[in-house]
Amino acid sequence: MKRHLLACGASLALLATAANVQAAVVNIDFGLHPDHPTGPTSVLYTGTAAAPDAGTVWNGVQVTDNNAFHGPPGEFGWWSASVSQSNLLSSTGAPTPIGVNVVGVGEPNTGAFAILEGSPNLGAVATDAVGLMRDYLIGFNEPRFVNLSGFAPGTSVDLYLYGAGDTSNRDTMFSVTDVNGTHTATTTGTITGDGNNPVTHTLTLGGDYVILNGILADANGGISISYLHGAGSGEGPFNGLQAVYNNVPEPTSLGLAGAGLCALLLRRRR
């Protein structure tokens, strides 16, 4: 009997250990509702990005703008209606409890832009993630917010935050505050000129994206990300993000699994 109880305890310990190493990645691609009269602009990205993950599934989050501008480079508009999505898919296509809320306030504080298919400006975005980098939200002089939810309280999350536009004078300052303080990083742009003089490049740390490691979800399982323009421009693009975290099963599920395993061991003993 004692041997079986020890085996039961060891099995529960193994279950707990396994629960803590199930890494998950949630990818989000921001854009606007595409309605340019001459061709595609905002498209959902499929593929890998900077995070060390082979999954290719992205969740598209589009805002509805006021169509302030349609032209050869693409389309721009102001948007005021916030957008929320729940049960986002992981990078492998599995459902997760993670949700996102993109907060809109309208002109002149929340905008969005997407590059028109065939525009030379497409040559100014990272060639290995064109679908991700060709469209983006825009923050201006005041911090705007994207809120993540659904994490277990205290979950450590590595955030890959993408913030690059279609000209060199676009940079974004990202900030997140958790129990350890405020974490800030700014993209600097990796291109020169504009669509008439693009510099070919792939996704570049510091230029196209920044990483905030070890952000801790709050007591409600949330993380709030602010974005606005950096020192080098008046616009701060937010193309998308990747959230890398440990996918810990609910305590109830873990307890049921452990109880079932122990019951099986004890039944075999009888």
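The values are calculated or read from the model by the stated rules, or taken from the named source; none is laboratory data. Just so it is clear, the structure is predicted and the values come from calculations on it, not from any experiment. Keep in mind that these areas ignore ligands, DNA and RNA; they rest on the heavy atoms of the full protein, side chains included. Shrake-Rupley method; radii C 1.70, N 1.55, O 1.52, S 1.80 Å.
State the percent of C-alpha pairs, over all pairs in the range 85-133, separated by a distance greater than 13 angstrom.
72 percent
Please compute the length gained on full extension between Ala68 and Asn246, using 0.36 nm multiplied by the number of residues separating them and subtracting their Cα-Cα distance.
Net length gain for the segment: 59.9 nm.
So what is the relative contact order of the range 101-161, in percent, for Cα pairs below 8 Å that sit 6 or more residues apart?
Dividing the mean separation by the residue count of the range 101-161 yields 44 percent.
Could you order Arg134, Arg170 so the one with the most accessible surface comes first? Probe is 1.4 Å.
My answer, sorted largest first, is Arg170, Arg134.
Taking only the C-alpha atoms, wrap a convex hull around the range 144-240 and report its volume per residue in Å³ as a whole number.
Considering the Cα atoms of the range 144-240, their hull volume per residue is 84 Å³.
Could you give the length gained by full extension between Asn197 and Ile211, i.e. 0.36 nm per residue of separation minus their alpha carbon distance, to one decimal place?
That pair, Asn197 and Ile211, stretches by 2.2 nm at full extension.
Any idea what the alpha-carbon Rg over 2.2 N^0.38 Å comes to for the range 38-119?
1.27
Report the full-extension gain for the segment Thr56 to Asn147: residue separation times 0.36 nm, less the Cα-Cα distance, to one decimal in nm.
Length gained between Thr56 and Asn147: 30.5 nm.
Tell me the carbon and sulfur percent of the accessible area for the range 96-226, rounded to whole percent, probe radius 1.4 Å.
50 percent
What three numbers, in Å, describe the spread of the alpha carbons of the range 27-72 along their principal axes, ordered from the longest?
Sorted largest first, the three principal extents are 37, 18, 13 Å.
For the range 92-200, list log₁₀ I(q)/I(0) at each q in 0.12, 0.24 Å⁻¹, using the Debye formula over Cα point scatterers of equal strength and ignoring solvent, two decimals each.
-0.53, -1.38
Hey, what's the range 188-243 come to in accessible area per residue, 1.4 Å probe, Å²?
With the other protein chains kept in place, the range 188-243 gives 38 Å² per residue.
Taking only protein heavy atoms and a 1.4 Å probe, what accessible area per residue, in Å², does the range 36-154 have with all protein chains in place?
I get 40 Å² per residue for this part.
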